[in-house]
Amino acid sequence: MKLPLISNERFVQIAAPIAVGLLFLVAWEVTVVAMEMPRYLLPGPSAIFQSLVNDWNTLFRGLLMTLKVTLMAFGIALVLGVAASLLFVQSKWIEVSLFPYAVLMQVTPIVAIAPLIIIWVDDTTWALTICAVIIAIFPIISNTTLGLRSVDPNLLSMFRMYRSSRWQELTRLRIPSALPYFFGGLRISSGLALIGAVVAEFVAGTGGARAGLAYLILQSGYNLQIPRMFAALALITLTGIALFALMVWLSDLALRNWHESALRVEH
Amino acid sequence: MAFAAVCGNDRFSLNQPTAYSGPGTVSGDRTVTQPPATPLKQVHPARPSPDAAVTDGRTETMGSRPVVQVSGVDKVYANGTVALQGADLTVKQGEFVSLLGPSGCGKSTLLRIIAGMGEATRGTVKWWEQDYKVVGDKGRKLAFVFQNATLMPWARVRKNVRLPLDLEGTAKRPESQQKIDEALEMVGLQGFETAFPRELSGGMQMRASIARAMVTEPNLLLMDEPFGALDEMTRNKLNDDVLRLWQAKDWTVVFVTHSVYEAVYLSNRVVVMAARPGRIVEDVAIDQPYPRSSDFRVSTEFAGYCRRVSQALERASQMGEEVAS
Ligand SMILES: Nc1ncnc2c1ncn2[C@@H]1O[C@H](COP(=O)(O)OP(=O)(O)OP(=O)(O)O)[C@@H](O)[C@H]1O
Ligand SMILES: [Mg+2]
């Protein structure tokens with residue numbers, strides 16, 4: 001006999017990781033209690049949860065701040081990245097001359113240039129956003145450029161046989177072909193925007209009203225408020241997962257009718 | 001295996017089965033029910049470099065205006081493959097020409113060059129006695145059916161079929177809707193307008209691609225093994241449909257196929273190619289009246305022509321072997 005829920009693919013996809021997570025949390029709690037760990041070394045999940053509730057106001061303000069920088073950076077990276085890709089596919093010359101600089105931006109360690117950016121840009125929020133954009137933009141540029149070039153050559157020949165304009169070629173052929181690649185880029189980039197925002201804030205160390213989650217982590221570390229530190233970390237992680245899930249959902253929505261990646265396997 | 005099967009499986013049982021064994025698909029292995037009653041006609045000898053003028057004498061019934069003139073065309077791909085060497089082919093207004101040859105002999109390459117999709121390495125191609133730039137003007141429309149359906153996976157069937165009209169900028173006209181409906185009906189895809197290509201079978205995708213080619217009412221229709229993936233019934237029906245439209249609409253057709261029977265049934269002329277290097281070696285005229293019906297498929301003349309073409313094909317395959325060894 002088959003259990004109906006176990007054979008439901010979708011249920012398993014959601015339930016299995018949650019079960020693993022819960023198991024891990026229980027093991028963590030049990031270990032902490034059994035070994036009588038002091039809270040300032042390693043708090044158990046219950047202590048972290050308690051801190052999440054107690055310090056909710058501070059944490060939530062930090063979350064909003066970090067989220068604001070992340071989303072701004074992600075949005076700017078998306079717009080600039082797509083614009084750059086569209087520019088790159090206009091001519092091989094443009095791509096050859098500019099692409100290495102996109103790579104350069106990608107491989108420059110952000111921690112090394114963040115202090116400079118923070119000095120140059122007065123407004124801290126913008127300084128953080130710029131750092132996050134630098135980290136997040138590359139996957140969008142490289143994936144979208146690849147996608148815009150990954151056109152069925154026969155379809156392209158046919159378009160040209162019908163004497164299509166460049167605009168028709170772009171909107172009717174290149175952009176639809178690029179969508180799966182573009183969404184792949186978005187998934188990576190959304191996580192990178194968050195990492196960029198957090199790393200930049202660590203470097204900037206902005207406190208006060210503009211403190212984001214990263215600053216809360218730093219501050220909690222100094223004050224040995226380790227449960228709060230973990231709570232802030234948990235919020236960052238959850239934000240990352242939520243962003244990723246949102247991107248998967250969007251990509252499914254856009255591609256489900258035709259692209260292999262979004263098709264349900266039918267038996 | 002492809003041509004050994006096409007040539008060897010029929011009732012004519014050629015004396016020397018070909019040793020050719022390249023990749024490819026056997027398509028439409030129609031058995032002719034009557035053995036040929038007429039003695040074999042003399043097939044003209046292979047012409048490694050046929051003069052375009054030689055073919056002219058047999059097509060008096062057609063208009064004399066050339067639609068495509070391929071002369072001395074070589075095609076060398078970037079990796080050094082010599083896909084065509086000295087290809088000469090003239091297709092005249094109103095002709096139905098089939099290209100036949102072993103897999104990999106350059107049929108698709110030649111057809112793409114005729115379509116203006118691939119540059120010839122050497123030689124010239126002219127359309128309506130002019131160079132490439134005027135193709136596409138009024139009354140000079142090309143359409144191409146690829147070996148694979150080559151549909152846009154993100155677009156529904158109707159939008160795929162409408163594509164040429166969209167690119168021409170005529171899709172919004174009222175008569176365009178009717179053209180799309182007609183094309184869909186002809187290939188039997190009414191009711192599937194809103195399906196995505198992946199929801200169709202391979203044969204249905206191919207039919208959608210044929211509908212797309214017909215929607216602009218092309219003057220020169222180029223088809224690369226369009227019916228290879230279809231079942232016999234659909235294939236026969238589409239063969240008849242293409243013939244009917246060809247006659248009604250004054251099309252000129254160049255048709256690549258693997259099937260001797262299909263080539264003989266459809267064409268005025270069957271052009272046989274050899275491989276390595278790809279070239280045109282024989283040009284068999286099929287002097288039979290149209291409309292051709294299923295009676296023609298079982299006639300002795302049909303059997304005779306099939307035999308001639310099969311033998312030409314066998315010789316072409318052996319030429320490829322000699323060069324290769
Ligand atoms: N883009 C390409 N680059 C390099 N070589 C190619 C390319 N396209 C085709 N060829 C080569 O050119 C030759 C002719 O290919 P072509 O596709 O024209 O053959 P074909 O007669 O259409 O074969 P088939 O009947 O199997 O479709 C082959 O040897 C093939 O390997
Ligand atoms: Mg081919």
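What do you get for the angle between helix A:92-107 and the principal long axis of chain A? Use alpha-carbon atoms, 0 to 90 degrees, nearest ten.
Helix A:92-107 sits roughly 10 degrees off the main axis of chain A.
Rounding to the nearest 10 and keeping the result within 0 to 90°, find how far the Cα-based axis of helix A:213-222 lies from the longest principal axis of chain A.
Between helix and principal axis, roughly 30 degrees.
Go through B:D250, B:D295 and list them by solvent-accessible area, largest first, probe radius 1.4 Å.
Largest accessible area first, the residues go B:D295, B:D250.
In square nanometres and to one decimal, what's the mean projected area of the convex hull around the Cα atoms of the stretch B:178-325?
Averaged projected area of the stretch B:178-325's Cα convex hull equals 10.2 nm².
Evaluate E = 1/(1 + (r/R0)^6) for A:V111 and B:Q178, where r is the Cβ-Cβ distance and R0 equals 45 Å; express this FRET efficiency to the nearest 0.05.
With a Förster radius of 45 Å, E is 0.10.
Using alpha carbons only, how many angstrom separate the centre of the stretch B:173-192 from the centre of the stretch A:208-246?
60 Å
Quick one: which of A:K92/B:K159; B:K107/B:K179; B:K75/B:K107; B:K92/B:K126; B:K92/B:K237; B:K179/B:K249 span more than 20 angstrom between C-alpha atoms?
Correct reply: A:K92/B:K159; B:K107/B:K179; B:K92/B:K237.
To the nearest 10 Å², what's A:I195's accessible area with a 1.4 Å probe?
A:I195 exposes around 90 Å² with every protein chain in place.
Using only Cα atoms and rounding to the nearest 10 degrees, what angle (0 to 90) does helix A:45-54 make with the longest principal axis of chain A?
90 degrees
Can you send over the carbon and sulfur percentage of the accessible area for the stretch A:1-93, probe radius 1.4 Å, protein chains only?
Within the stretch A:1-93, the accessible surface is 75 percent carbon and sulfur.
Not counting the cut sites, what is the longest span of chain A without GluC sites (Glu not before Pro) that DSSP labels loop and that have at most 16 other Cβ atoms within 10 Å?
In chain A, the maximal stretch lacking such sites is A:37-265.
If you build the Cα gyration tensor of the stretch A:85-169 and take the root of 5 times each eigenvalue, what three semi-axes come out, in whole angstrom, biggest first?
Sorted largest first and rounded, they come to 37, 12, 10 Å.
Residues of the stretch A:146-160 with accessible area at least 30 Å² lower in the all-protein-chain context than alone (1.4 Å probe)?
Buried by the other chains: A:N154, A:L155, A:S157, A:M158, A:F159.
Counting Lys +1, Arg +1, Asp -1, Glu -1, what net charge surrounds B:A229 among other residues with beta carbon under 11 Å of its beta carbon?
0
Please list A:H259, B:H258 in order of solvent-accessible area, largest first, computed with a 1.4 Å probe with all protein chains present.
Solvent-accessible surface, decreasing: A:H259, B:H258.
With no solvent and one equal point scatterer per Cα, compute the Debye intensity ratio I(q)/I(0) for the stretch B:98-190 at 0.17 Å⁻¹ and report its log10, rounded to two decimals.
Results for the stretch B:98-190 at q = 0.17 Å⁻¹ read -0.98.
Summing +1 for each Lys or Arg and -1 for each Asp or Glu, what net charge is found among the other residues whose Cβ lies under 13 Å from the Cβ of A:L194?
+1
About the Cα centre of chain A, what is the dipole size in debye to 20, counting +1 per Lys and Arg Cβ and -1 per Asp and Glu Cβ, all else neutral?
680 debye
Once phi is turned into θ = phi - 60°, what whole-Hz ³J(HN,Hα) does the Karplus curve with 6.51, -1.76 and 1.60 give for every residue of the stretch B:266-276, x standing for Gly and Pro?
My calculation for the stretch B:266-276 gives 8, 9, 7, 9, 10, 9, 9, 10, 10, 9, 6 Hz in order.
Determine the total buried accessible area between chain B and chain A, counting protein heavy atoms only with a 1.4 Å probe; round to the nearest 100 Å².
Using a 1.4 Å probe, the pair buries roughly 2100 Å².
Can you give the calculated 222 nm mean residue ellipticity of chain A, where each DSSP H run of n ≥ 4 adds -39,500 (n - 2.57) and the sum is split over every residue, rounded to the nearest 500 deg cm²/dmol?
Mean residue ellipticity, 222 nm, calculated: -26000 deg cm²/dmol.
Under a GNM of chain A (C-alpha, springs under 10 Å), which listed residue has the highest mean-square fluctuation: A:S164, A:S46, A:S142?
Of A:S164, A:S46, A:S142, the Gaussian network model singles out A:S164 as fluctuating most.
Give me the 1.4 Å probe accessible area per residue for the stretch A:46-255, excluding ligands and nucleic acids, in Å².
Computed with neighbouring chains in place, this is 47 Å² per residue.
Which value, in Å² and to the nearest 10, is the accessible area of B:S293 when all protein chains are kept and the probe is 1.4 Å?
50 Å²
Roughly what would the spin-label model give for B:T124 and A:M35, points 7 Å off Cα along C-beta, in nm?
About 8.7 nm, to one decimal.
If you bin the C-alpha pair distances of the stretch A:46-255 every 5 Å from 0, what whole percents do you get?
Calculated P(r), rounded to whole percents: 1, 7, 13, 16, 15, 13, 11, 8, 6, 4, 3, 2, 1, 0, 0.
With each pseudo-label sitting 7 Å past Cα toward Cβ, what's the A:N57-B:N148 distance in nm, one decimal?
6.3 nm
Debye calculation, C-alpha points only, no solvent: report log10 I(q)/I(0) for the stretch B:153-216 at q = 0.20, 0.25 Å⁻¹, in the same order as the q values.
For the stretch B:153-216 at q = 0.20, 0.25 Å⁻¹, log10 I(q)/I(0) is -0.66, -1.02.
Roughly how big is the stretch B:112-213's charge dipole about its Cα centre, with Cβ charges of +1 (Lys, Arg) and -1 (Asp, Glu), in debye to the nearest 20?
Result for the stretch B:112-213 is approximately 180 debye, rounded to the nearest 20.
What net charge is computed for the residues neighbouring B:L84, neighbours being all others with C-beta under 14 Å from the C-beta of B:L84, Lys and Arg scored +1, Asp and Glu -1?
+3
Determine, from the Cβ-Cβ distance of A:L250 and B:E217 and an R0 of 30 Å, the FRET efficiency 1/(1 + (r/R0)^6), rounded to the nearest 0.05.
0.15
If you find the alpha carbon centre of the stretch A:147-161 and of the stretch B:261-323, how far apart are they in angstrom?
Answer, in whole Å: 33.
Just give the residues from the stretch A:165-205 buried by at least 50 square angstrom of accessible area in the all-chains context relative to the isolated chain, probe 1.4 Å, and say none if nothing qualifies.
Listed in order, they are A:R172.
In Å², what does the accessible area per residue of the stretch B:109-267 work out to with a 1.4 Å probe?
38 Å²
The values are calculated or read from the model by the stated rules, or taken from the named source; none is laboratory data. Please read all numbers here as calculations on a predicted model, not as lab measurements. Don't worry about glycine lacking a Cβ; one is built from the backbone with ideal geometry, like all the others, and counts go over all protein chains shown. Just so you know, the surface numbers come from the protein's heavy atoms only, side chains and all, with ligands and any DNA or RNA stripped out. Shrake-Rupley method; radii C 1.70, N 1.55, O 1.52, S 1.80 Å.
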